[in-house]
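The block underneath contains the structure these notes are about, expressed in structure tokens.
The values are calculated or read from the model by the stated rules, or taken from the named source; none is laboratory data. The model shown is predicted, which means the values in this text are computed figures rather than measured ones. Cβ atoms come from the backbone with ideal geometry, glycine included; neighbour counts cover every protein chain shown.
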Amino acid sequence: MTPAETWVDEVARTTKPSKVVWCDGSEAENERLVEGMLQDGTLIRLNEQAAPGCTLHRSHPSDVARTEHLTFIASRRAEDAGPTNNWMAPQEARERVGPLFDGVMKGRTMYVVPYVMGPLGSPFSKVGIEVTDSPYVVANMRIMTRMGQAALDQLGGGDEFVPGLHSTGDLSPDRRFIVHFPEERLIWSVGSGYGGNALLGKKCFALRIASTMARDQGWMAEHMLILELTLPSGEVHYVGAAFPSACGKTNLAMLQAPAELAGVKVRTIGDDIAWLRPGPDGRLWAVNPEAGFFGVVPGTGPDTNPMALQTIARNTIFTNVAVTPDGVPWWEGKDKSPPSDLIDWQGKPWDRTGKAAHPNSRFTAPARQCPTMSSRWEDPQGVPLSAIVFGGRRARVAPLVFESRDWEHGVFVGATMGSETTAAATGQVGVVRRDPMAMLPFCGYNMGDYFAHWLRMGKAVSKPPAIFHVNWFRTDRADRFIWPGFGQNLRVLLWMIERVKGQGKATETPVGFVPTRDALNLEGLGLSSAELDTLLAVDRDEWAAEVPEIRAFFERFGAHCPQQLHESLDTLSQQLTATRV
Ligand code: GTP
Ligand code: SPV
Ligand code: MN
């Protein structure tokens, strides 16, 4: 028996399924699975004219987002999980979570899903094997990863794979655990069928486990989109951008140039996760480990993200959207007015009071269906980054854009990011929390050590990308977004590329370089002078108020927080209180 077969056998002895099926990822296999799900109601077929090949899945109402409070890092030492992760001793995990798998698959089929994260044949790529009792998970993994025979071929009977055991259990939050064993590179997930909790290749492997591998092996696993920008001159740049969940990665990755900037072309490499490695040329190279998009549905419309709309026009699994009586999917932001007689995401007639689609409703669609995929999106070598962008959802404080002074300062900017929480995780929405590098829920080890790893990586590349911070979400007194966002964000990207080339006008502020009033191309936007002032403002009092909060955050990491970050904070603090010029 191969190591994979041995592990699967062991799992089957614990979970006691009535049947074990090794998935090959074929079309025929998928059709059989979908047929079964249509029959038992797990999936609902959508309108063949309006949404060909599309289906709808309705989650259990208590299982519609990641559950960060039920997500654990089971490292031997609590210190290695760090203060921002929930820790569970491996022994405790075996005793508390292990029994939940005993006989959990009785009467169910156990699917074995071998998959590759990363382009086939790439030195970046890694194999995972997810064992699950959910055909919905299998159908999603087939879209999100390179699944089936290709993975077994890469594995070649060896033991280099990340095992992930998943069962929907009884879906009760009381018996829901998402546990990562970073030292063993093992994942256990029970009690949820939702995306990030259950599609183990995504956040569990490609971020939490991969981040620990990356630390040990000298690379990086990040919550980043990757885009390709071609200037009218033909010059090409690649940009990686880390925004927290539901803060605009998919939208930026599929950005369409507005009419005024029609000579600029933006293409997509990835929309959620990037694996980065130093290249022989001293640059940082990036691949998208995924093969599909698990994207936020609400807000996806012809004026915001037309490319996503085209991507999800067929062969898409919709989760928790609303639907018309004749099976046309609908969500807030799809078009101006909702059709009549809508059925809401829970399958009830929509009474027009709450949201018709769940705010964290999602689409699962193959990347190859996206009209803006770059010809290099599956390049085994990846693409070299010119810039890294951090960003958050801040009604105040953070200006539209600023540039860090250098890599070290950029790491400080990433480490101190704040963002308002969203519906992508259960819990209160709209409260500002520190979310370093948009990785707070996804770093598989002590975040203080993660900051140190970022600083080390800056030394491992002679030509590191420039680091920027953006905020598309600043609001006015009436709580309206001031910046038009979406396609117009290209104007900000273009300023970044100018800065990378040593051009682009900027003023130095305590937080970094902010564009001068005339540095951004704002032609045709109709922004008032006062609006521009607000967008570019760095208010010293507002920023000074963040300092003690950041200091307290750093202190939580004790000796794990690099001295360099404390020094950057001292510098910021001094500059904020220095005499105004
Ligand atoms: P995850 O998949 O959870 O990691 O989210 P994401 O970072 O990919 O976010 P996504 O692009 O799906 O956007 C989330 C929400 O923010 C959607 O409802 C978008 O319509 C909205 N959004 C995205 N970009 C902008 C922008 O530039 N301005 C404004 N106002 N809203 C935006
Ligand atoms: C996110 O929450 O950042 C997502 C969706 O991209 S999930 O797969 O649930 O993590
Ligand atoms: Mn995400």
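Which residue is surrounded by the fewest Cβ atoms within 10 Å (Cβ to Cβ), if the candidates are limited to region 221-269 and must be away from ligand 3 (no atom under 16 Å from the Cβ) and under 17 Å from the mean Cα position of the chain (by Cα)?
Among those that are away from ligand 3 (no atom under 16 Å from the Cβ) and under 17 Å from the mean Cα position of the chain (by Cα), it is Leu255.
Any residue at all in region 201-213 that's within 26 Å of Ala424 (Cα to Cα), surrounded by fewer than 22 Cβ atoms within 10 Å (Cβ to Cβ) and modelled with pLDDT of 95 or more?
yes
Which of the residues that make up region 172-182 are in contact with a Ser or Thr (Cβ under 6 Å, 6 or more places away or on another chain) and surrounded by fewer than 18 Cβ atoms within 10 Å (Cβ to Cβ)?
Pro173, the sole residue that qualifies.
When region 215-226 is examined, which residues are found to be over 24 Å from Thr250 (Cα atoms) and either in contact (Cβ under 8 Å) with a residue 24 or more places away in the chain or within 14 Å of ligand 2 (Cβ to nearest atom) (or both)?
Arg215, Gly218 - these are the residues of region 215-226 that are over 24 Å from Thr250 (Cα atoms) and either in contact (Cβ under 8 Å) with a residue 24 or more places away in the chain or within 14 Å of ligand 2 (Cβ to nearest atom) (or both).
Here's a check for you: in region 142-171, which residue that is acidic (Asp, Glu) and either assigned to a loop (DSSP other than H, G, I, E, B) or surrounded by 24 or more Cβ atoms within 10 Å (Cβ to Cβ) (or both) is nearest to ligand 1 (Cβ to nearest atom)?
Ranking the candidates gives Asp170 first.
Looking at region 270-308, which of its residues are more than 15 Å from ligand 3 (Cβ to nearest atom) and more than 30 Å from Trp345 (Cα to Cα)?
Leu276, Arg277, Pro278, Gly279, Pro280, Asp281, Gly282, Arg283, Leu284, Trp285, Ala286, Val287
I need the strands (runs of 3 or more DSSP E) fully contained in region 238-335, keeping only those with at least 2 residues that are out of contact with any Gly (no Cβ under 8 Å at 6 or more places or on another chain).
265-270, 292-296, 317-319
Considering region 117-129 alone, what residues qualify as being crowded, with 17+ Cβ neighbours inside 10 Å and part of a loop (DSSP other than H, G, I, E, B)?
Gly118, Pro119, Ser122, Phe124, Ser125
Yes or no, residue by residue, for (1) more than 30 Å from Gly558 (Cα to Cα); (2) without any contact (Cβ under 8 Å) to a residue 60 or more places away in the chain:
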site	(1), (2)
Asp24	yes, no
Arg32	yes, yes
Gly41	yes, yes
Gly53	yes, no
Arg77	no, yes
Asn86	no, yes
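Got a sec? Which of Ala286, Ala313 is surrounded by fewer than 22 Cβ atoms within 10 Å (Cβ to Cβ) and either within 30 Å of Leu120 (Cα to Cα) or among the charged types (D, E, K, R) (or both)?
Ala313
Filter region 353-373 for residues that are polar (S, T, N, Q), away from ligand 1 (no atom under 12 Å from the Cβ) and at pLDDT 95 or above and give the result.
Gln369, Thr372
Out of the residues in region 62-116 that are among the charged types (D, E, K, R) and assigned to a helix (DSSP H, G or I), which is farthest from Ala12 (Cα to Cα)?
Glu79
Would you mind finding the one in Ser404, Ser375 that is more than 16 Å from ligand 2 (Cβ to nearest atom), under 27 Å from Met117 (Cβ atoms) and of a type in the set (Gly, Ala, Ser)?
Going through Ser404, Ser375 in turn, just one is more than 16 Å from ligand 2 (Cβ to nearest atom), under 27 Å from Met117 (Cβ atoms) and of a type in the set (Gly, Ala, Ser): Ser375.
Which one of these does Leu536 not meet: (1) surrounded by 13 or more Cβ atoms within 10 Å (Cβ to Cβ); (2) within 29 Å of the chain's Cα centre (by Cα); (3) free of Cβ contacts under 8 Å to residues at least 60 places away in the same chain?
(3)
Among the candidates Ser462, Ser419, single out the residue that is modelled with pLDDT of 95 or more, not in a strand (DSSP E or B) and not acidic (Asp, Glu).
Being modelled with pLDDT of 95 or more, not in a strand (DSSP E or B) and not acidic (Asp, Glu) holds for just one of Ser462, Ser419, which is Ser462.
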